[in-house]
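Asks: Sending over a structure as structure tokens; questions will come in a sec.
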Amino acid sequence: MSELIIKDFCAGYSSGTMAVSGVSMKITRGSVTAVIGPNGSGKSTLLKGILSFPGLCSTGSVTLDSLDVHSMNRNERAGRIAYLPQSPPVPAGLTAIETVLLGRFPHRSAWSGDSPEDIKIAMDALEMVGAAHLAGKFTDEISGGENRLVNLAAVLSQKTEVILLDEPGSSLDYGHAAQLWKLLSDLAARGIIILATTHRIEMSGNAFHKVLLLSEGNALAFGTPEDVFLSGDLLSRVYRTPMEVKRSSPDGSWIVFPGSTE
């Protein structure tokens, strides 16, 4: 089975300080892996480091189907790995459908226009995220949550094997956030590798197959949700507040609530 393998990975900035260290994990196709941890723990840097962002330095290796991701040129990498940042820019003067069509660039020649296939893929992506009604609206005239959906659609229109998402549920209301994680589960079921950072364990936990827990740049745990969420007082120590995570019934979703201070 094809897989994304991250081994002994560290990433940081030109100052020489590593913002994330010691990450090793094997992610197989058809799975959703969550990266959790407090603010400043290195979650966003990890995703950027995987993609070898300019200004970042890294050690260790990242391979996709045994190919070195950092040796791929930008277009080749964009054709295989899509990325949704935490705060994507809102392009002024573009409609939602035009924004989504930007995701088709890796799959066409430099000077070609939008083909009927590109337009269909873009509209299908908007439909998947529940934002088809926004297609003709300008992105600087819609809400932050609606722009989040449009940018997610752009990522989906890229049609990649791997999708990296930084806080994909931010700015979304409860209904759209629930729809998002259901969509990511469905995409994984089709064979796509999903790696997403999140703070919303109670909203998204049912979608996870594996969880990576970061604290102060260090990988503290990697395993199934049960391995990480139910590891005694681990989460309380990492988040520096008493907390518990349990399964509810009958649907088995996760519930996060304050733990005892005694």
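Readers should treat all values here as calculations from the given coordinates under stated rules, not as data from a laboratory. If you're wondering where the values come from, they're calculated on a predicted model, not measured in any experiment. Virtual Cβ from ideal backbone geometry, glycine too; neighbours counted across all protein chains shown.
Asks: Mean residue ellipticity at 222 nm from the helices of the chain, using -39,500 (n - 2.57) per DSSP H segment of n ≥ 4 over the full residue count, to the nearest 500 deg cm²/dmol?
Replies: Dividing the helical sum by the residues of the chain leaves -8500 deg cm²/dmol.
Asks: While we're here: Evaluate the charge dipole of the chain about its Cα centre and quote only its size in Debye, nearest 20, assuming +1 on the Cβ of each Lys and Arg and -1 on the Cβ of each Asp and Glu.
Replies: In debye, rounded to 20, the chain gives about 380.
Asks: For the chain, would you read off the P(r) tail past 25 Å as a percentage of all alpha carbon pairs?
Replies: Percentage above 25 Å: 46.
Asks: Would you kindly calculate the translational diffusion coefficient of region 138-220, applying Stokes-Einstein with the Kirkwood radius from alpha carbon pairs, for 25 °C and a viscosity of 0.890 mPa s, and quote it in µm² s⁻¹ without decimals?
Replies: Numbers: Rh = 13.8 Å.
Here the translational diffusion coefficient equals 178 µm²/s.
Asks: Let me ask something additional. Using a cut-off of under 20 Å, list every residue of region 131-167 whose amide N is near the label point 7 Å from the Cα of Tyr13 along the Cα-to-beta-carbon line.
Replies: Backbone N within reach: 166-167.
Asks: So, one more: Quick one: work out Rg over Rh on the C-alpha atoms of region 72-135, Rh as Kirkwood radius. Could the numbers behind the result be given before it?
Replies: Values: Rg = 12.4 Å, Rh = 12.9 Å.
Using only Cα positions, Rg/Rh for region 72-135 is 0.96.
Asks: Given q = 0.14, 0.16, 0.22, 0.29 Å⁻¹, what are the Debye log10 I(q)/I(0) values for region 1-68, with equal point scatterers placed on the Cα positions and solvent ignored?
Replies: With one equal scatterer per Cα and no solvent, log10 I(q)/I(0) is -0.41, -0.54, -0.96, -1.38.
Asks: Sticking with this structure for a sec: Taking the mean number of other Cβ atoms within 10 Å as a proxy for protection, how do you rank 25-35, 51-61 from highest to lowest?
Replies: Values: 25-35: 19.7, 51-61: 14.3.
Highest to lowest by the protection proxy: 25-35, 51-61.
Asks: Moving to a separate point now. What are the residues whose amide H is under 5 Å from the amide H of Ser31, where those residues sit 5 or more places off or on another chain and H is modelled from the backbone?
Replies: Sorted by chain and number, the residues that satisfy this are Ile194.
Asks: Also, quick follow-up: How much length is gained on full extension from Ala92 to Glu141, taking 0.36 nm per residue of separation minus their Cα-Cα distance?
Replies: Between Ala92 and Glu141, full extension yields 16.7 nm more.
Asks: I need the peptides 209-217, 182-190 ranked by packing, meaning the mean over residues of other C-beta atoms within 10 angstrom, with the highest value on top.
Replies: Most protected by this proxy first, the peptides run 209-217, 182-190.
Asks: Taking amide H positions as placed 1.01 Å from N in the peptide plane, with prolines and chain starts having none, which residues 5 or more places from Ser215, or on another chain, fall under 5 Å of its amide H?
Replies: Leu220
Asks: From the phi of every residue in region 177-182, what ³J(HN,Hα) in whole Hz does the Karplus formula 6.51 cos²θ - 1.76 cosθ + 1.60 yield, where θ is phi - 60° and glycine or proline is x?
Replies: 5, 4, 4, 4, 5, 5
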